[in-house]
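Scroll down for the structure; my scribbles are underneath it.
No lab work stands behind these numbers, since they all come straight from the coordinates. What you are looking at is a predicted structure, and each value in this text was computed from that prediction instead of being measured.
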């Protein structure tokens, strides 16, 4: 069951006005799921790209490191568990 809040009802009314008929809710859910998956894929792709750039910087030795700060993180137990 879908709760039609005033905002959702207004959106459905706008779709109905533009399409000239009441929209099929199943189709709207499917379209919304596809858009959500597309966005998730984009963020996954950007995360993967960021990881590749970081790995390249580490391999290339162009990543500045603060060994003292890393040691403090380990010593204080602030590092995330593996």
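Please check: in the Gaussian network model of the chain (C-alpha springs, under 10 Å), which one of 32, 60, 41 has the largest mean-square fluctuation.
60
Say we join alpha carbon atoms closer than 10 Å with springs in a Gaussian network model of the chain; which of 30, 38, 68 then has the biggest fluctuation?
68
What number, rounded to the nearest 500 deg cm²/dmol, is the helix-based mean residue ellipticity at 222 nm of the chain, given -39500 (n - 2.57) per DSSP H run of at least four residues and division by all its residues?
Mean residue ellipticity at 222 nm (helix-derived): -25000 deg cm²/dmol.
Return the label of the correct value of Rg/Rh (Cα atoms, Kirkwood Rh), as calculated from the structure shown, out of (i) 0.96; (ii) 1.09; (iii) 1.34.
(iii)
Among 55, 70, 33, whose mean-square fluctuation peaks in a Gaussian network model of the chain (Cα, cutoff 10 Å)?
Comparing 55, 70, 33 in a Gaussian network model of the chain, the most mobile one is 70.
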